[in-house]
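Participant: Can you keep this structure in mind? I'll have questions shortly.
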Amino acid sequence: MRGDIVYRVYGRQEGRAEDTFFGAYRQRGEAEAKIEALRARVMHEKNWAEQYHNRGFVLKPFEVSTDFEIPATPKPRDRYFVESGSISAANTWTWGGLNVSVFRRGEPKPICSYRRNYSNMYGTFEPFRQNGHDLALISTDYTMTTVLDLVSGEVVAEEPHEGFCPAGFYVPDWWDVHDGTIIPGSQYWGPDEEWPNGDIGFVWGCLWGDDDSWKVQLLDLSRLSEGVVAREERFGYLPLAAAGYDPSCLHADPPEGMSAPPPFIRVHRYSGQTYVTFNVPSRFDLESGAGIDPLDW
């Protein structure tokens, strides 16, 4: 964080105007080990450093100028999980539901529990972090999104009943987008490396009665401190090819290593601009090759 010292490694070459950056390291010993590895590198049976960095390598201390700290692991999605048990329907014209218990891995007792008024859990549990606090997107009512505080076990935000039925959630975690090789104080560090921060999410599901495919919508999570979670059809009525994703938080067994985000939603930020890429189904007329609007399927 701000004021810490990191150690940048550079290679120098005769006649080259700028030194070549080879990474930043939190410990001097790590930077020195990097320099030794570069000095010993061989390419085409010749010493690589003598060819491309004949003036050697230099270690430069640098003061970190940001308060950002790389979030801890495991990710919330890997740190929490749920178990659910069926609730029988009270009569023949109502549905049953689920009693859902939320656990923190490694602890025998649940943090909290809630009731869902639908008999299928789908993917309606997504732990995430915001401002150093652990939260989760859940769906107590099958037609709405709710935000659960994973410290207190209390509901902190809930959208109105608007008839969009969640089947899955995704809040991009910092580790979904970055691999940790660039650290604060690196020559390549900037505001893009400090995102995502838990202020946006995605929900896929359907409007009530339209369950032929899952549609994807945006969740604005920037006002949770005010008790507000807002859903927006920002991408149009867009079907999502939501397959091949089985989040670790739906299973009691811990994941092997760091779990992957959903393969059908990918986010990234470049020069302050945020992008999202969706996998969407496509249908064509085989004879003519003409595309068919998903709403006409």
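Participant: Check every one of the strands (runs of 3 or more DSSP E) wholly within the range 142-184 and list those with 3 or more residues that are of a type outside the set (A, V, I, L, M, F, W, C) and buried (at least 20 other Cβ atoms within 10 Å of the Cβ). Steps first, please.
Facilitator: Details: elements: 146-149, 155-158, 164-170.
Once the strands (runs of 3 or more DSSP E) in the range 142-184 are filtered for at least 3 residues that are of a type outside the set (A, V, I, L, M, F, W, C) and buried (at least 20 other Cβ atoms within 10 Å of the Cβ), what remains is 164-170.
Participant: Got a number for residues in the range 8-22 being without any contact (Cβ under 8 Å) to a residue 60 or more places away in the chain and within 29 Å of the chain's Cα centre (by Cα)? Steps first, please.
Facilitator: Looking only at the range 8-22, we keep the residues that are without any contact (Cβ under 8 Å) to a residue 60 or more places away in the chain, and these are 9-20, 22.
Then keep just the ones that are within 29 Å of the chain's Cα centre (by Cα); that gives 22.
Matching residues across the range 8-22 total 1.
Participant: Same structure, new question: Just give me the residues in the range 1-23 being closer than 15 Å to ASN54 by Cβ and open to solvent by less than 40 Å² (accessible area, probe 1.4 Å), in sequence order.
Facilitator: If the condition is that a residue be closer than 15 Å to ASN54 by Cβ and open to solvent by less than 40 Å² (accessible area, probe 1.4 Å), then TYR10, GLY11, GLN13 are the ones that fit.
Participant: Given (1) over 30 Å from ARG2 (Cα atoms); (2) open to solvent by 40 Å² or more (accessible area, probe 1.4 Å); (3) in contact with a strand residue (DSSP E or B) (Cβ under 8 Å, 6 or more places away or on another chain); (4) touching a residue at least 12 places away in the same chain (Cβ under 8 Å), identify the lone condition not met by PRO263.
Facilitator: (3)
Participant: I've got another one for you. Out of the residues in the range 185-201 meeting the condition of being among the hydrophobic types (A, V, I, L, M, F, W, C) and not in a strand (DSSP E or B), tell me which one is farthest from the chain's Cα centre (by Cα).
Facilitator: So, considering only residues that are among the hydrophobic types (A, V, I, L, M, F, W, C) and not in a strand (DSSP E or B), the one farthest from the chain's Cα centre (by Cα) is TRP189.
Participant: I've got another one for you. Just one of the numbered conditions (1) open to solvent by 70 Å² or more (accessible area, probe 1.4 Å); (2) under 30 Å from ALA72 (Cβ atoms); (3) in contact (Cβ under 8 Å) with a residue 24 or more places away in the chain is not true of ASP212; which one?
Facilitator: Status for ASP212: all satisfied but (2).
Participant: Among the residues of the range 156-180, how many are among the β-branched types (Val, Ile, Thr) and free of Cβ contacts under 8 Å to residues at least 40 places away in the same chain? Talk me through it step by step, then tell me what you get.
Facilitator: Just the residues of the range 156-180 that are among the β-branched types (Val, Ile, Thr), to begin with: 156, 171, 177.
Subset that is free of Cβ contacts under 8 Å to residues at least 40 places away in the same chain: none.
Total meeting the criteria: 0.
Participant: Is it the case that some residue within the range 266-277 is more than 20 Å from the chain's Cα centre (by Cα), surrounded by 10 or more Cβ atoms within 10 Å (Cβ to Cβ) and closer than 23 Å to ALA136 by Cα? Don't jump to the end; show me each part of the working.
Facilitator: Filtering the range 266-277 down to residues more than 20 Å from the chain's Cα centre (by Cα) leaves none.
No, that holds for no residue.
Participant: Can you go through ARG231, ARG269, ARG283 and tell me which one is among the basic types (Lys, Arg) and closer than 20 Å to LEU135 by Cβ? I'd like the intermediate steps shown before the answer.
Facilitator: Numbers: ARG269 fails: closer than 20 Å to LEU135 by Cβ; ARG283 fails: closer than 20 Å to LEU135 by Cβ.
Exactly one residue qualifies, and that residue is ARG231.
Participant: Out of the range 72-97, which residues are modelled with pLDDT of 95 or more and open to solvent by less than 30 Å² (accessible area, probe 1.4 Å)?
Facilitator: Residues satisfying the conditions are LYS75, PRO76, ARG77, ASP78, TYR80, PHE81, VAL82.
Participant: So which residues in the range 121-141 are within 15 Å of TRP204 (Cα to Cα) and open to solvent by 40 Å² or more (accessible area, probe 1.4 Å), if there are any at all?
Facilitator: The one that is within 15 Å of TRP204 (Cα to Cα) and open to solvent by 40 Å² or more (accessible area, probe 1.4 Å): TYR122.
Participant: Next question, about the same structure. Within the range 174-188, identify whether any single residue is of a type outside the set (D, E, K, R), under 28 Å from SER101 (Cβ atoms) and touching a strand residue (DSSP E or B) at 6+ places or on another chain (Cβ under 9 Å), and answer yes or no.
Facilitator: Residues of the range 174-188 that are of a type outside the set (D, E, K, R), as a first pass: 174-175, 177-178, 180-188.
After this cut, where a residue has to be under 28 Å from SER101 (Cβ atoms) as well, the list is 174-175.
When the remaining residues are screened for being touching a strand residue (DSSP E or B) at 6+ places or on another chain (Cβ under 9 Å), the result is 174.
Looking for residues that are of a type outside the set (D, E, K, R), under 28 Å from SER101 (Cβ atoms) and touching a strand residue (DSSP E or B) at 6+ places or on another chain (Cβ under 9 Å), one finds at least one in the range 174-188, hence yes.
Participant: Here's a check for you: in the range 104-140, which residue that is in a loop (DSSP other than H, G, I, E, B) and of a type in the set (A, V, I, L, M, F, W, C) is farthest from TRP174 (Cα to Cα)?
Facilitator: Pass one, the range 104-140, residues in a loop (DSSP other than H, G, I, E, B): 105-111, 117-122, 124, 131-132, 139-140.
Then keep just the ones that are of a type in the set (A, V, I, L, M, F, W, C); that gives 111, 121.
Working: ILE111: 24, MET121: 26 Å.
Checked the range 104-140; the qualifying residue farthest from TRP174 (Cα to Cα) is MET121.
Participant: ASN197 versus (1) touching a Phe, Trp or Tyr at 6+ places or on another chain (Cβ under 7 Å); (2) closer than 18 Å to PRO76 by Cβ; (3) among the polar types (S, T, N, Q): which is the lone unmet condition?
Facilitator: Of the numbered conditions (1) touching a Phe, Trp or Tyr at 6+ places or on another chain (Cβ under 7 Å); (2) closer than 18 Å to PRO76 by Cβ; (3) among the polar types (S, T, N, Q), the odd one out for ASN197 is (1).
The values are calculated or read from the model by the stated rules, or taken from the named source; none is laboratory data. If you're wondering where the values come from, they're calculated on a predicted model, not measured in any experiment. Neighbour counts run over all protein chains shown; Cβ positions are idealised from the backbone, glycine included. Surface accessibility is based on the protein's heavy atoms, side chains included, excluding ligands, DNA and RNA. Shrake-Rupley method; radii C 1.70, N 1.55, O 1.52, S 1.80 Å.
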